[in-house]
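The values are calculated or read from the model by the stated rules, or taken from the named source; none is laboratory data. Quick caveat: nothing in here was measured; it's all calculated off a predicted structure. Cβ placement follows ideal geometry from the backbone for every residue including glycine, while neighbour counts extend to all protein chains displayed.
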Ligand code: FDA
């Protein structure tokens with residue numbers, strides 16, 4: 001039986017960071033993954049350029065049932081720490097907006113950096129290898145795998161969440177969590193397009209392709225959350241950063257409120273222009289938005305063709321103003337894990353130490369990255385969590 005100090009299961013973002021950190025402390029580390037290709041999620045991230053961190057990452061940018069859990073790790077491994085690592089490998093990067101950092105060239109560079117860090121520190125690669133079972137011993141663990149039996153003092157679950165099963169996502173971490181009787185916060189697709197019943201969406205189908213910056217909100221007065229981001233109309237529903245962000249907070253059966261013109265209060269703007277105005281309402285609306293969107297809104301408000309401004313009642317103008325500034329609609333679901341960038345929920349962080357990521361009641365068992373109930377906003381926050389949680393676990397495992 002091969003013996004290691006640490007076995008990390010999952011050679012993705014968090015797993016490679018954790019393995020390299022533990023091995024650089026002199027620990028004998030094996031990194032197991034069932035995939036044939038290394039770190040596919042990093043490769044396809046950020047449109048191939050990997051939005052590898054966000055300069056403003058802090059606890060407020062993460063969704064979790066235990067919102068302060070992530071603070072310690074995020075403080076101990078910061079975006080600047082990851083930038084120092086990239087500097088060592090001369091990886092060029094740029095800020096897109098809102099603190100989002102991308103590679104100038106390709107996401108492959110991030111994989112190269114992490115792989116080199118693992119190689120330099122002497123991490124033993126075990127892939128493609130699948131793990132059949134993990135058995136706890138009086139001290140440490142025995143793993144039965146497709147490559148034989150391994151023993152280790154520490155085991156790190158770094159196998160991620162459920163999004164994009166076709167590139168290797170599995171429920172492995174949750175299965176092991178159940179074996180050790182750890183609580184799991186119900187996993188759900190997040191950062192995912194939302195869908196609408198056909199009857200609700202029919203008037204908006206011709207708007208597919210339109211994109212504009214909106215304020216999008218969900219929740220009750222007490223826990224309302226709003227993002228200002230781009231919204232994209234598609235044939236099936238809504239997508240774009242605005243929808244992906246809000247999807248992590250949206251509860252099934254509840255409405256979204258969308259302000260299609262966040263900088264303009266449309267009702268007073270229309271009322272001001274009403275008197276003696278011979279222009280059609282649809283023409284006036286095109287001052288503010290694409291003509292196709294104006295037409296779609298008039299259809300959805302059952303305001304036929306718009307009519308001349310001067311002939312329209314204040315009530316009609318208020319109706320269109322509300323439809324633009326407070327558009328309310330209720331999704332009927334999400335596009336699911338096939339399209340979700342991440343999984344919301346996962347292993348309950350109340351089971352873990354926030355200093356080390358070790359399971360409190362199972363000495364030597366650690367959880368890192370997306371497998372746990374810490375879900376970042378869109379914009380590099382999820383990788384920053386993978387680096388930070390992988391690093392602090394690697395310091396202790
Ligand atoms: P990750 O999923 O990276 O790694 C898990 C590893 O475990 C995989 O290699 C998998 O093969 C392996 N594994 C799974 N089950 C196993 C089993 N049973 N046995 C052995 N191995 C197993 N985030 C961000 O911050 N910026 C961005 O630009 C993007 N872009 C993006 C685009 C797309 C299309 C997706 C799907 C996701 C993103 N993300 C993102 C999210 C980001 O990719 C994600 O949060 C991190 O990769 C999570 O890192 P982990 O290491 O936890 O899991």
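Side notes on the structure shown:
- Test: residue 148 is in the same structural domain as residue 41 (by TED's automatic domain parsing), at pLDDT below 95 and surrounded by fewer than 21 Cβ atoms within 10 Å (Cβ to Cβ): no
- For region 377-386, the candidate set comprises residues that are part of a helix (DSSP H, G or I) and in contact with a strand residue (DSSP E or B) (Cβ under 7 Å, 6 or more places away or on another chain); within that set, the residue that is nearest to residue 364 (Cα to Cα) is 385.
- In region 172-286, counting only strands (runs of 3 or more DSSP E) that sit wholly within it, the ones holding 2 or more residues that are touching a strand residue (DSSP E or B) at 6+ places or on another chain (Cβ under 9 Å) and more than 16 Å from the ligand (Cβ to nearest atom) span 211-218, 225-233, 237-239, 256-259.
- Against the test of being more than 14 Å from the ligand (Cβ to nearest atom), in the same structural domain as residue 38 (by TED's automatic domain parsing) and over 28 Å from residue 244 (Cα atoms), the options 121, 92 yield a single qualifying residue, 121.
- Scope region 349-392; condition within 11 Å of the ligand (Cβ to nearest atom) and either under 17 Å from residue 175 (Cα atoms) or outside the structural domain of residue 29 (by TED's automatic domain parsing) (or both); matching residues: 367, 368, 369, 370, 371, 372
- Taken residue by residue, region 16-26 has at least one member that is more than 9 Å from the ligand (Cβ to nearest atom), outside any helix (DSSP H, G or I) and without any contact (Cβ under 8 Å) to a residue 24 or more places away in the chain.
- Odd one out for residue 166 among (1) within 16 Å of the ligand (Cβ to nearest atom); (2) assigned to a strand (DSSP E or B); (3) over 24 Å from residue 391 (Cα atoms): (2)
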